[in-house]
Amino acid sequence: MKYFLIIFLLINTSVLSQSELKHDVYFNTDEYDVPLTEENRLLLFISSLDTVAIEKISIYGFCDDRGTNDYNLELSQNRADAIKMMFSDYGIDQNLITNVNGKGEILLKVLNEDEVSKIRGLNRKVEIIVKPKKDSKKEEKVAETPKENKKITTKDIADGTVKKGDKIRLDKIYFKTNYSYITSDSKKTLEELAKILVEKKNVYFTIQGHVCCTQNSRDAIDKKTQKRNLSVARAKYIYDYLARKGVDKKRMKYVGLRRKFPLGGDPKYDRRVEILITYISKE
């Protein structure tokens, strides 16, 4: 019974009140996979939260009145869990999600027998309630980058002078806006980095991805996948490239740092990756 999705797109949209943002996601009968149309609506809702300072998020799953109590409780919980997973995939901090509960069935209230199917469709849902902080328009507090006494470069890796904790900003590796792949003028720098790291087999490191231009230290959306994990995707791009060039995967990790450490100035400098040295073994 998928026809109801079209009808409900017009009926149920995100509701903004003075204290809460609300959104409902609808499901097909006996399913907890999110329909594509509903996933797209949810992505739009999540994108609208970019400028909101969030205090907490509650997610409640529901079913229609058919099925046993145990079945409905399990299904409604699975629906709530599916939405929580999607919030995570799109870069929402899991610490903000304080409630993820399956509430079971919603009792059928029928005034007209012709409306039974429509009402049951409305009951197969997850309710999302986002509570903003009291002053959600406060200026974003920009995290400062760690101060360094000396700028560390890839030459220091080649010379064997790096140590655990050193961070190397790859100044000449830039990414295309909204995508996880590098610009053409960055390829030479990446090739040189790969050659150095293939040779220096005792250097272990984490690749840190960054993005620009989002609010509240949020991650950005990767236009290729439509997921809010662009900083992770950029770090993984470098990880995969180095692996293809022969750098042992056991020496590498990758992580997305979203927009926690903006550099200021031209946004292109925040579309970057950095190398954090985590261990130097004996050669």
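No lab work stands behind these numbers, since they all come straight from the coordinates. What you are looking at is a predicted structure, and each value in this text was computed from that prediction instead of being measured. Using ideal geometry, Cβ is built from the backbone for each residue, glycine included, and neighbour counts are taken over all protein chains shown.
Which percent, nearest 5, of DSSP beta bridges in the chain are antiparallel? Show your work: numbers first, answer last.
Numbers: 27 of 39 bridges.
Of those bridges, close to 70 percent are antiparallel.
Can you give the charge dipole size of the chain about its Cα centre, rounded to the nearest 20 debye, using +1 on the beta carbon of Lys and Arg and -1 on the beta carbon of Asp and Glu? Mind showing how you got there, number by number?
Numbers: 54 positive and 42 negative charges, 343 e Å.
Roughly 1640 debye, rounded to the nearest 20.
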Helix 36-48 sits off the longest principal axis of the Cα atoms of the chain, rounded to the nearest 10 on a 0 to 90 degree scale, by 60 degrees
State the answer as a single residue: which of L230, L21, V126 lies farthest towards the positive end of the charge dipole of the chain, with beta carbon charges of +1 for Lys and Arg and -1 for Asp and Glu, about the Cα centre.
-> L230
Per residue of the chain, what 222 nm ellipticity follows from adding -39500 (n - 2.57) for every DSSP H run with n ≥ 4, rounded to the nearest 500?
-> -9000 deg cm²/dmol
Tell me, for the chain, which Cys residues have no other cysteine's C-beta sitting closer than 4.7 Å.
-> C63
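Suppose the chain between T177 and L44 were pulled fully straight at 0.36 nm per residue; how much longer would it get relative to their current alpha carbon spacing?
Length gained, T177 through L44: 45.9 nm.
What does the charge dipole of the stretch 154-280 about its Cα centre add up to, to the nearest 20 debye, if the Cβ of each Lys and Arg holds +1 and the Cβ of each Asp and Glu holds -1?
On the way: 31 positive and 15 negative charges, 90 e Å.
That gives a dipole near 440 debye.
Applying 1/(1 + (r/R0)^6) with R0 = 30 Å to the Cβ-Cβ distance of D159 and A243, what FRET efficiency is obtained, to the nearest 0.05?
Numbers: r = 24 Å, r/R0 = 0.80.
Working from the Cβ atoms, E equals 0.80.
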Angle, helix 187-199 long axis vs. longest principal axis of the chain, Cα atoms, 0 to 90°, nearest 10?
-> 70 degrees
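Averaged over every viewing direction, what's the projected area of the C-alpha convex hull for the chain? Give it in nm², one decimal, please.
Details: hull surface 74.9 nm².
Dividing the Cα hull surface by four gives the mean projection, 18.7 nm².
Multiplying the sequence separation of C213 and R66 by 0.36 nm and subtracting their Cα-Cα distance, what value in nm do you get? Spell out each step's value before the answer.
Values: separation 147, 0.36 × 147 = 52.92 nm, distance 4.69 nm.
Working it through step by step, the gained length comes to 48.2 nm.
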Cα pair distances in the stretch 154-280, grouped into 10 Å bins until the bin that holds the longest one, percent each = 14, 47, 32, 7, 0
Mean separation of Cα contacts under 8 Å, 6 or more apart, over the residue count of the chain: relative contact order % | 19 percent
Select from T189, L257, A158 the residue farthest towards the positive end of the dipole of the stretch 154-280; place +1 on Cβ of Lys and Arg, -1 on Cβ of Asp and Glu, and compute about the Cα centre.
-> L257
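Quick one: longest stretch of the chain between exposed loop chymotrypsin sites (Phe, Trp or Tyr not before Pro), exposed meaning at most 15 other C-beta atoms within 10 Å and loop per DSSP? Walk me through the numbers on the way to the answer.
Working: sites that count: Y3, Y181.
My reading of the result: 4-180 is the longest stretch.
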May I ask for the distance between the Cα centers of the stretch 181-199 and the stretch 61-137, given as a whole number of Å?
-> 47 Å
